[in-house]
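The values are calculated or read from the model by the stated rules, or taken from the named source; none is laboratory data. The structure presented is a predicted model; accordingly, all values stated were derived computationally and were not measured. Here the Cβ is made from the backbone with ideal geometry for all residues, glycine too, and neighbour counts use every protein chain on show.
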Amino acid sequence: MLRSHAITDIGRKRQLNQDFIYCSEKPIGNLPNLFIVADGMGGHNAGDFASRYAVETIVEEIRASFERNPVTIITKAVEKANELTIKKAYEDIALSGMGTTVVIATVIAGHLEVANVGDSRLYVVNKEIKQVTVDHSLVEEMIRMGGIDRKSARTHPDKNIITRAIGARDTVEADFFDLELKAGDKVLLCSDGLTNMVEDEEILYILNNGETLKEQAEELVRTANYNGGKDNISVIVIEPLADD
C-alpha cells in the first residue's frame, strides 16, 4: 500500500508562496496515483498563478486522457499546460513572462515513472540518496561541461537561472525516468527551496530517522527554514511499497 505526505511553506524571506503541490494516492484518469511539485516564476503574483494553473491543467488533462502509456499521458498534459500558460500570459500583461518548473511522479506496479521540466527534483532514498531528475539549469550545464564542480554550484550567483520551464517557449520537452522500486525505498519530490538550503546527506538522515512521513516532511521544511528559508519550500514524501 502506498502512503504519502505533502507540505508547502512560504519560507522565511518571500512575501508569496509561488510553489504549488498536488498529491493523490487515488487514480487520476488512467494513472493509479499522481504527485506534482511546481515552482513558479514571474513578477507580482504571476509565478503563483503559473504554478497553480499549470498543475491544475496537467491534472485535468491526465484525468480526461484515454491514453494508456504513462509517458504519453504525461507528455500530452505537459504540452497542453505549456500551450495554455503561454496563452494566459499573452492575454494578461500582468502575467507576462511567467513560467513554472514541474516534477511529476506516478507509481505503477512497483515502478516509478518520473517527468521533470526545470530544477524541481525527485530523489529516491533508502540507505543512500539518489537524485533521479537532472536539473534544467545554467549551473547544471556548467557542471556537465566541467566549468564548475557541484559544491561551487550550490552558491553560484547564477544558480537560479533555469534553461527549461513551462510557459517559457512555444514548445516544451519533459525528461522522463523509469525506475524499479524496492522495499524500503522512499520517494521525495521537492522544489529548490529545499535543496538550496538542505544538503543531500541531511535529507537522507531526516528521511531515515523521522517516525512518520508527516514528521519527515515537516522536519525537512523546518531544517530548510532553520538554514535560512530563502525561498518557498515544497516537499512530497512517498512510501510506495509501505507494507512490503
So which of 85, 155 ends up being buried (at least 17 other Cβ atoms within 10 Å of the Cβ) and of a type in the set (Ser, Thr, Tyr)?
85
Answer with yes or no whether residue 54 is modelled with pLDDT of 95 or more and of a type in the set (A, V, I, L, M).
yes
Residue list for region 26-56, restricted to those being farther than 19 Å from residue 14 by Cβ and out of contact with any helix residue (DSSP H, G or I) (no Cβ under 7 Å at 6 or more places or on another chain):
26, 27, 32, 33, 35, 56
Picking from 10, 36, the residue that is closer than 13 Å to residue 104 by Cα and of a type outside the set (Gly, Ala, Ser) would be 36
Among the listed residues 143, 129, 108, identify the single one that is more than 21 Å from residue 18 (Cα to Cα) and either in contact with a Phe, Trp or Tyr (Cβ under 6 Å, 6 or more places away or on another chain) or acidic (Asp, Glu) (or both).
129
Single condition residue 26 does not satisfy, out of (1) of a type outside the set (Val, Ile, Thr); (2) over 21 Å from residue 190 (Cα atoms); (3) surrounded by fewer than 19 Cβ atoms within 10 Å (Cβ to Cβ); (4) at pLDDT 95 or above
(2)
Can you name the condition, by its number, that residue 116 falls short on among (1) over 14 Å from residue 177 (Cα atoms); (2) touching a residue at least 40 places away in the same chain (Cβ under 8 Å)?
(1)
Here is a check on your reading of the model: is residue 152 under 20 Å from residue 233 (Cα atoms) and at pLDDT below 95?
no
Of everything in region 181-226 that's of a type in the set (Gly, Ala, Ser) and not in a loop (DSSP other than H, G, I, E, B), which residue is nearest to residue 2 (Cα to Cα)?
217
Are any residues in region 204-219 touching a residue at least 60 places away in the same chain (Cβ under 8 Å) and either closer than 14 Å to residue 190 by Cα or not polar (S, T, N, Q) (or both), and if so, which ones?
204, 207, 213, 214, 216, 217, 218
Check region 70-85 and report whether any residue there is hydrophobic (A, V, I, L, M, F, W, C), in a loop (DSSP other than H, G, I, E, B), under 25 Å from residue 185 (Cα atoms) and modelled with pLDDT of 95 or more.
no
Checking the structure you have, find out if any residue of region 82-91 is in contact with a strand residue (DSSP E or B) (Cβ under 7 Å, 6 or more places away or on another chain) and either within 25 Å of residue 213 (Cβ to Cβ) or touching a residue at least 60 places away in the same chain (Cβ under 8 Å) (or both).
yes
